[in-house]
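Visitor: Below is a structure I'd like to ask you about.
Computed from the coordinates by the stated procedures, all read-outs in this text should not be read as laboratory data. As the structure is a computational prediction, the values presented were derived from the model and not from experiment. Cβ sites come from the backbone with ideal geometry, for glycine too, and all protein chains shown count toward neighbours.
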Amino acid sequence: MNSTERHLRLLTETTAAVNSTLDLEEVLHLIATKVAEALEADACFVYLYDERADELVLRATHGTRVEEMTRRPRMRPGEGITGTAAAERSPVMIPSQAHLDPRFKEFPNLPEDEYESILAVPILARGERLEGALNVRTRASRSYDGGEIALLEAIADQVAQTIVHAQLYAQAQRRVAELEALARISEAVSESLYLEESLEAIVKTTMDAVSATGAALVLEDGRIAWPEGRAGAHAVRTPLRWRGRQIGELVADRDSPFSDDDRALLEAIAHHAAVALEHGRAVMRGVLAQEIHHRVKNNLQTVASLLRLQSRAEGVDPREALEHSVNRILAIAAVHEALTEQREEDVELSELIDRLRAMLVQGLGAGRDVTATLEEVSLAGARATALALVFSELLQNALEHGAGDVRIELVRRDGEVVLAIDDEGPGPSGSAAGTGLSIVRALVRDELQGSFDLRGGNGTRAEVVFPA
């Protein structure tokens with residue numbers, strides 16, 4: 001096979017290699033091998049141009065394994081013989097002793113000084129945009145003719161097209177991945193009624209989308225809403241903005257640096273995260289407002305019922321009846337305040353009882369020693385309101401009609417809750433026992449599904465037992 005046929009075959013095989021795959025690394029290695037074989041060269045080096053770093057980076061070789069290099073050779077356009085060909089946009093040929101040329105650049109891990117000749121050509125897209133450079137080397141002196149130089153330039157043109165196509169393909173793949181990530185986030189945000197689920201989906205999708213080692217959403221108050229994974233050597237903090245105000249940050253970590261494309265994707269995800277956060281907060285505000293309105297309505301109905309019951313009582317001092325009604329309303333208010341502060345459905349009874357004890361002792365128990373032994377017991381809002389009224393009635397009776405020290409006890413016992421109030425007096429009687437204790441018995445029976453017992457004798461003990 002003569003040189004013309006060999007060169008034509010090389011161009012054909014190069015074109016076939018270029019069209020066989022969109023994997024740039026695979027194409028570059030195929031071309032390096034085929035060029036070296038067709039031109040009967042001992043080595044072929046293919047460099048690609050990194051525009052951001054303004055460097056030519058060795059990407060494929062024949063004759064030396066680039067994968068085994070601890071550090072890839074890099075040079076700026078104009079450095080070295082190959083860099084000169086790239087900077088001048090024209091071939092450079094040195095038939096012998098290339099390593100003695102003043103333009104020669106030595107790399108510690110690239111044994112180029114063992115080669116005598118070099119032919120380097122630029123890789124130009126559309127004849128002007130620099131995409132890289134390639135060279136062929138021989139250990140023996142060699143002068144390349146015009147046909148061989150033209151052949152290498154034609155191959156460089158093919159490589160340039162490969163680079164452009166591969167870049168477009170990579171951008172398309174990256175865009176598809178971005179759209180899939182944003183679609184998953186949008187789906188999670190729209191389907192979930194719970195803010196925590198939306199935040200979890202955003203963080204996990206962020207990690208997948210940019211191959212992060214860890215990610216988290218940090219709210220404007222500094223609270224970390226959803227941490228996942230681990231910290232890396234590099235971190236990006238992307239602001240979450242809503243109507244011109246920063247409401248948090250999306251933090252992503254990984255061991256390798258983040259590219260501009262990664263940062264752009266993180267900005268898009270951060271926008272979705274801000275929407276999800278505000279959407280979730282709006283839902284929670286609506287639910288909370290609805291719950292508060294419902295609770296206030298129920299409390300007002302309870303107050304109305306108590307006042308109606310009190311108005312039917314006969315032989316009661318109006319001032320005393322009013323004070324009792326005020327204390328009942330304050331007991332209901334204490335439960336409402338506890339629910340609002342905690343923003344939970346349950347009330348911690350030990351805290352509630354201690355709050356009511358302090359309020360009633362201040363108003364009625366001057367000079368009395370009132371002690372409390374309270375275990376931690378939680379109760380749903382409606383039942384907590386009933387227990388607050390029961391406790392207020394019983395402690396009020398002990399302070400008004402009892403004597404000596406008062407002891408309050410709240411304990412769990414065999415799956416039940418026991419609330420007991422002891423004092424040293426004979427126990428309530430007359431009207432005080434009528435209206436107040438009728439309220440207690442009704443609430444314990446209907447709201448707490450429990451039992452009430454009032455025992456006298458050696459002091460008085462009022463005991464309420466209901467299922468925990």
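Visitor: What's the extension gain from Glu463 to Glu220 if we count 0.36 nm per residue and subtract their Cα-Cα distance? All intermediate terms of the calculation are to be shown ahead of the outcome.
Guide: Values: separation 243, 0.36 × 243 = 87.48 nm, distance 4.84 nm.
Contour length minus Cα-Cα distance gives 82.6 nm.
Visitor: Another question, then. I need the phi-derived Karplus couplings for the range 33-42: 6.51 cos²θ - 1.76 cosθ + 1.60, θ = phi - 60°, integer Hz, Gly and Pro marked x.
Guide: So the J values, rounded to whole Hz, are 5, 5, 5, 4, 5, 5, 8, 6, 9, 7.
Visitor: Place a point 7 Å from the Cα of Gln362 along the Cα-to-Cβ direction; which residues of the range 384-411 have their backbone N under 15 Å from it?
Guide: none
Visitor: Taking the Cβ of Glu424 as the centre, find all other residues whose Cβ is under 10 Å away and add up their charges (Lys, Arg: +1; Asp, Glu: -1).
Guide: After counting each charged neighbour, the total is -2.
Visitor: Please give, to one decimal in nm, the separation of the simple spin-label points placed at Arg52 and Ala140, each 7 Å out from Cα toward the Cβ.
Guide: Computed distance between label sites Arg52 and Ala140 equals 4.6 nm.
Visitor: Between Leu100 and Glu40, what length comes free when the chain is fully extended (0.36 nm per residue of separation minus the Cα-Cα distance, one decimal in nm)?
Guide: Stretched out fully, the Leu100 to Glu40 stretch lengthens by 19.3 nm.
Visitor: Ok, one more. Once amide H atoms are placed 1.01 Å from N in the peptide plane, what residues at a sequence separation of 5 or more from Val370, or on another chain, have their amide H within under 5 Å of its amide H?
Guide: Residues meeting the criterion, in which the H sits 1.01 Å from N, are Val406.
Visitor: Another question, if that's okay. Only loop residues by DSSP count here, and only those with at most 16 other Cβ atoms within 10 Å; note down the GluC sites (Glu not before Pro) in the range 202-274 that meet that.
Guide: Loop-located and lightly packed - Glu220.
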